[in-house]
Amino acid sequence: MLFGLTLGAISKAFGTTRVLDRVSLTVEPGEFVSLVGPSGCGKSTLLRIIAGLERQDDGTVSIGSRVVDALSPRQRNIAMVFQNYALYPHMSAFENIALPLSVGRLSLPERLPLLKYLSPRRARIMREIANEVEAVAGQLKIEALLARKPGQLSGGQRQRVALARAMVRQPSLFLMDEPLSNLDAQLRVHMRDELTDLHARLGATFVYVTHDQIEAMTMSSRVAMLDQGRLAQFGTPIELYDRPATLAVATFIGSPAINVLAAHSDARGAVAIAGRASGLHVHALPDQALSLCVRPEHLRLARPGETPQLLARLRRNEHYGAERLLHFDLAGDSARSVIVRLAHDENAALGGASETAIGLAFEPQHAHLFNAEGLRVEALGHGTSYRTAAQ
Amino acid sequence: MNRLLPPSHRLPGFILAHAALLAGACFMLLPFVWMLLTAIRAPDEILTGGLNPIPRSFHAVENFSGALAQAPLLNFMLNGAIVCAGILVVQLIVAIPAAYALAKLRFRARGLLFALVIAGLCVPIQVPALPLYLALAEFNLLDSYFAMMLPFFLSVFAIFLFRQTFKTFPDEIIHAARVDGVGEFEILWRIVVPSAFPAIAAFSIFSIVAHWNDLYWPMIVIQRLEYAPPPLGMLFFTSSESGASYGVLMAGATIITAPLVIVFLIARRRFVQGITMTGIK
């Protein structure tokens, strides 16, 4: 049975600190949704509220069409995978995976030492449980590890045991709290792959918390970004990348980070960067301080004869093989630097001299404008509506 | 072996420190050595033999069989075992859930309750001794195992120690267990307690040693020989039966001390762990 998840205006405060502020979102059945944001943005708290481990101050959580606010974590029929795996330290991998089943199917006396041997049906139930544990272990290729204790397993193996423990109950909803952040870089890339496959195979609904925007971008069908307890944007990874709703989303998503430039609109709404025309207009916002953002791959060296929008000095030239990153310091504002991303075969006439300022340019429809509150401002560039250019 | 040797420039300090420790150890062990020596000497030699460590005639068999025959030593030890076991079991059953609640559950007045536990640590047994005695007398419970155990059922020290240990247990694992549907009591006994085994073992050793050796409280509530735990039994035995036969007395003391020494030798590592863990001796 597939269930979606609906959050209705969830709010939570710890003491006087507001952690979540009216967060609403709907996860469709079978979807893989990531909750991202910088640490302290409230994403883990939100996940614990969905799980029922924490109570919200206000708002409702529904799984499927059922409001689950009054239900215990167990009754919500969810499974959770934790950052530090949270395996029961003195139980073997097998016992760890079997525990959710034995708790559900055996009565309390049947789980007690000594007393348990009195039950005639216990042996049969334990055999069933063993079969299911082995089936799940087979799916995750950990059959050989079942007898080991968590202390004898590597990080990747522990993560698989934790996944198996989550899967064995066939829950309607998987909650994952930064499950890959304790793995080394190589293993993380590999597990990312495996989790995506697992999601496709199980067809279950996944809610995945991460502070790693790459994980969010590569794995999820939709991404919800939280910023200071508020839902900043909820959409597909490409929507967040191409049309960030706030300055926080723009700077958080993408690596290397988006270039943020201080800009100003004049009385007629023409936007300028350090006095140079940017080619963008905001008629509704005359005479305002704005942030103008351009992704590194949208910034390029100005062509001969073209009027550049920025003047900058080259500080560093990083070659990654497939691409190059050119780090520039803006002329007249050495505190601010920008990155230009070039494909490997793109020729850059840098002139070799780092003392001379080089002109940089971008297409106005690739720029994002944000007002002083960090909210997106629609701009017009070269007479073309930004909206049509972006979509 | 090489690892144990310090760099040569620190050698004098090393020797000095160990000499001091060795002297301290000798000083502490001396009464026990003297007890053992007295237990194997002939009666006439005990007072006249001076400081000569080697007995001239060995009287060990007579002294030990005398001690076993004259005093119900095995009975004293059985009493001690019953009292120690009873106290320890109830202490653990009470202190472990209390400590878990203080460490991991969120409820109102938790801070206040914990402050009361700390305050309880500061109250010595002598303070409530009189009211406890009066209450036990009122209910005709004097001269019983129960009377010897009652004041110690609730150990604030155990609550404090276990709370500190449980606090270090990862919340994530408790959360995982709640999601898996494990009840709070089962989380405690099946998941948290096994991880706290070193602390529980350390406390058990403290508790057993303290109550095996306790003389003060049994002396107040026990009049009859058949309930006497080892130290009180020895006291009765000295005053009534043995008179001046110190050899027999020391043989009895040796027999009574032996179980604790054996427990200590077996659980030495846990004992040291316990002291370093609690910072309390």
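Every listed requirement among (1) among the aliphatic types (A, V, I, L, M); (2) surrounded by 21 or more Cβ atoms within 10 Å (Cβ to Cβ); (3) over 25 Å from B:A177 (Cα atoms) is met by A:A9 save one, (2).
A:R18 - would you say it is in contact (Cβ under 8 Å) with a residue 60 or more places away in the chain, farther than 30 Å from A:E128 by Cβ and surrounded by fewer than 23 Cβ atoms within 10 Å (Cβ to Cβ)?
Numbers: in contact (Cβ under 8 Å) with a residue 60 or more places away in the chain: yes; farther than 30 Å from A:E128 by Cβ: yes; surrounded by fewer than 23 Cβ atoms within 10 Å (Cβ to Cβ): yes.
Criteria met by A:R18.
Of the residues making up the range A:35-57, those that are among the aliphatic types (A, V, I, L, M) and touching a helix residue (DSSP H, G or I) at 6+ places or on another chain (Cβ under 9 Å) number 4. Regarding A:R201, is this residue over 27 Å from A:D21 (Cα atoms), away from chain B (no Cβ under 14 Å), under 16 Å from the mean Cα position of the chain (by Cα) and assigned to a helix (DSSP H, G or I)? For A:R201, the condition - over 27 Å from A:D21 (Cα atoms), away from chain B (no Cβ under 14 Å), under 16 Å from the mean Cα position of the chain (by Cα) and assigned to a helix (DSSP H, G or I) - is not met. Restricting the range A:62-76 to residues that are within 11 Å of A:A51 (Cβ to Cβ) and open to solvent by less than 30 Å² (accessible area, probe 1.4 Å), the residue that is nearest to the other protein chains (Cβ to nearest Cβ) is A:P73. What number of residues within the range A:52-61 satisfy the criterion of being under 27 Å from B:V182 (Cβ atoms) and open to solvent by 30 Å² or more (accessible area, probe 1.4 Å)? Matching residues across the range A:52-61 total 3. Here B:L188 meets each of (1) within 14 Å of chain A (Cβ to nearest Cβ); (2) touching a residue at least 60 places away in the same chain (Cβ under 8 Å); (3) open to solvent by 20 Å² or more (accessible area, probe 1.4 Å) with one exception, condition (3).
Among the residues of the range A:29-51, is any facing chain B (nearest Cβ under 9 Å), open to solvent by 50 Å² or more (accessible area, probe 1.4 Å) and modelled with pLDDT of 85 or more? Reasoning before the result, please.
So the first thing to find is which residues in the range A:29-51 are facing chain B (nearest Cβ under 9 Å), and the list is A:48, A:51.
After this cut, where a residue has to be open to solvent by 50 Å² or more (accessible area, probe 1.4 Å) as well, the list is A:48.
Filter again for modelled with pLDDT of 85 or more, leaving A:48.
Within the range A:29-51, one or more residues are facing chain B (nearest Cβ under 9 Å), open to solvent by 50 Å² or more (accessible area, probe 1.4 Å) and modelled with pLDDT of 85 or more.
Taken over the range A:52-61, the criterion of being facing chain B (nearest Cβ under 9 Å) and either in a helix (DSSP H, G or I) or of a type in the set (A, V, I, L, M, F, W, C) (or both) is satisfied by A:L53 alone.
Consider the range B:196-212 and keep the residues that are exposed (fewer than 15 other Cβ atoms within 10 Å of the Cβ) and within 17 Å of the chain's Cα centre (by Cα). The one that is modelled with the lowest pLDDT is B:P198.
For the range A:153-173, give me each residue that is more than 14 Å from chain B (Cβ to nearest Cβ) and closer than 14 Å to A:L198 by Cα. Matches in the range A:153-173: A:R160 only.
Condition check: within 16 Å of the chain's Cα centre (by Cα), hydrophobic (A, V, I, L, M, F, W, C), more than 17 Å from B:P230 (Cα to Cα) and in a helix (DSSP H, G or I). Does B:V89 satisfy that? Taking the combined requirement at face value, the residue satisfies it. Of the listed requirements (1) under 30 Å from B:Q223 (Cα atoms); (2) of a type outside the set (A, V, I, L, M, F, W, C); (3) open to solvent by 30 Å² or more (accessible area, probe 1.4 Å), B:S144 misses just one: (3).
Just one residue in the set A:P179, A:P150 is touching a residue at least 12 places away in the same chain (Cβ under 8 Å), more than 22 Å from the chain's Cα centre (by Cα) and buried (at least 17 other Cβ atoms within 10 Å of the Cβ); that residue is A:P150.
With respect to the conditions (1) more than 14 Å from chain A (Cβ to nearest Cβ); (2) open to solvent by 10 Å² or more (accessible area, probe 1.4 Å), B:E172 lacks only one, and its number is (1). If you go through the range A:284-333 and pick out every residue that is of a type in the set (S, T, N, Q), open to solvent by 40 Å² or more (accessible area, probe 1.4 Å) and not in a loop (DSSP other than H, G, I, E, B), you end up with 1.
Within the range B:142-165, residues that are farther than 10 Å from B:G86 by Cα have Cβ atoms under 7 Å from residues that are basic (K, R) in these pairs: B:D143/B:R224, counting only partners at least 6 apart in sequence or on another chain.
Just wondering, is there one or more residues in the range B:116-134 that are open to solvent by less than 70 Å² (accessible area, probe 1.4 Å) and of a type in the set (F, W, Y)? No; the residues of the range B:116-134 include none that is open to solvent by less than 70 Å² (accessible area, probe 1.4 Å) and of a type in the set (F, W, Y). Does the range A:77-99 contain any residue that is touching a strand residue (DSSP E or B) at 6+ places or on another chain (Cβ under 9 Å), open to solvent by less than 10 Å² (accessible area, probe 1.4 Å) and in a loop (DSSP other than H, G, I, E, B)? For the range A:77-99, residues touching a strand residue (DSSP E or B) at 6+ places or on another chain (Cβ under 9 Å), open to solvent by less than 10 Å² (accessible area, probe 1.4 Å) and in a loop (DSSP other than H, G, I, E, B): present.
Of the candidates B:L29, B:L37, B:L47, the single residue that is open to solvent by 60 Å² or more (accessible area, probe 1.4 Å), in a helix (DSSP H, G or I), modelled with pLDDT of 80 or more and not assigned by TED's automatic domain parsing to the domain that holds B:F236 is B:L29. If the condition is being open to solvent by 70 Å² or more (accessible area, probe 1.4 Å) and in contact with a Pro (Cβ under 9 Å, 6 or more places away or on another chain), then the range A:102-141 contributes A:L115, A:L118. Counting the residues of the range B:92-105 that are in a helix (DSSP H, G or I) and open to solvent by 30 Å² or more (accessible area, probe 1.4 Å) gives 6. Just to be sure, is A:E95 closer than 23 Å to A:M225 by Cα, modelled with pLDDT of 90 or more and not β-branched (V, I, T)? So A:E95 does not fit the description; no.
Looking across A:R324, A:R341, A:R300, A:R316, one residue alone is under 32 Å from the mean Cα position of the chain (by Cα), modelled with pLDDT of 90 or more and not assigned by TED's automatic domain parsing to the domain that holds A:T210. It is A:R341.
The values are calculated or read from the model by the stated rules, or taken from the named source; none is laboratory data. Note that the structure is predicted; figures quoted are calculated from it, not measured. A quick note on method: Cβ atoms are made from the backbone with ideal geometry, for glycine too, and the neighbour counts reach across all protein chains shown. Surface areas here come from the heavy atoms of the whole protein model, side chains and all, with no ligands, DNA or RNA. Shrake-Rupley method; radii C 1.70, N 1.55, O 1.52, S 1.80 Å.
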